[in-house]
Amino acid sequence: MDFMYAAQPHAYQGFFEGDEAFLRKYLILLYTGFYVFGVGEIVPRAGSFEFFSAFILCSLCTIFNAVIIGYMTSYTEELSKKSRELNSKLNLTNTAMLNLNLTSNLKKDIIEYIN
């Protein structure tokens with residue numbers, strides 16, 4: 001791997017000029033976009049095999065990263081939901097205890113039971 005703007009005149013030979021295959025151009029541009037926005041402007045020096053394998057690896061890592069972030073978001077949302085439910089129970093209980101004029105010892109016991 002090397003920085004994109006290192007002076008290597010033959011590093012991209014055949015990838016941008018004189019190549020008329022649309023799918024190949026599309027995959028190379030997609031690959032370069034993954035690297036520029038995902039890894040930090042680095043690309044392999046060598047030929048098409050390294051280019052293709054690095055593209056596949058980068059794509060798989062991006063998908064894996066998205067799955068991990070999705071699971072973390074799901075778990076955080078679930079924890080937030082349970083916290084909201086507990087707060088709702090406590091608010092309802094506090095209102096009921098206030099309306100019933102319970103003693104403070106009994107209020108403590110009820111709150112400890114709910115938690």
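The values are calculated or read from the model by the stated rules, or taken from the named source; none is laboratory data. Small disclaimer: the values here were computed from a predicted structure and weren't measured. So basically every Cβ, Gly included, is an ideal-geometry build from the backbone, and we count neighbours across all protein chains shown.
Scan the stretch 74-103 residue by residue and report those that are outside any helix (DSSP H, G or I) and of a type in the set (S, T, N, Q). Before you say what the answer is, go through the steps one by one.
Of the stretch 74-103, the ones outside any helix (DSSP H, G or I) are 101-103.
Scanning the stretch 74-103 gives ASN101, THR103.
Taking interchain pairs and intrachain pairs at least six residues apart, which have beta carbon atoms under 8 angstrom, with the first residue in the stretch 89-115 and of a type in the set (A, V, I, L, M) and the second part of a loop (DSSP other than H, G, I, E, B) and surrounded by 12 or more Cβ atoms within 10 Å (Cβ to Cβ)?
Taking only residues 6 or more apart or on different chains, the pairs are ILE110/LEU102.
Identify, by number, the condition in (1) at pLDDT 85 or above; (2) acidic (Asp, Glu); (3) surrounded by 10 or more Cβ atoms within 10 Å (Cβ to Cβ) that ASP2 doesn't meet.
Of everything listed in (1) at pLDDT 85 or above; (2) acidic (Asp, Glu); (3) surrounded by 10 or more Cβ atoms within 10 Å (Cβ to Cβ), ASP2 misses just condition (1).
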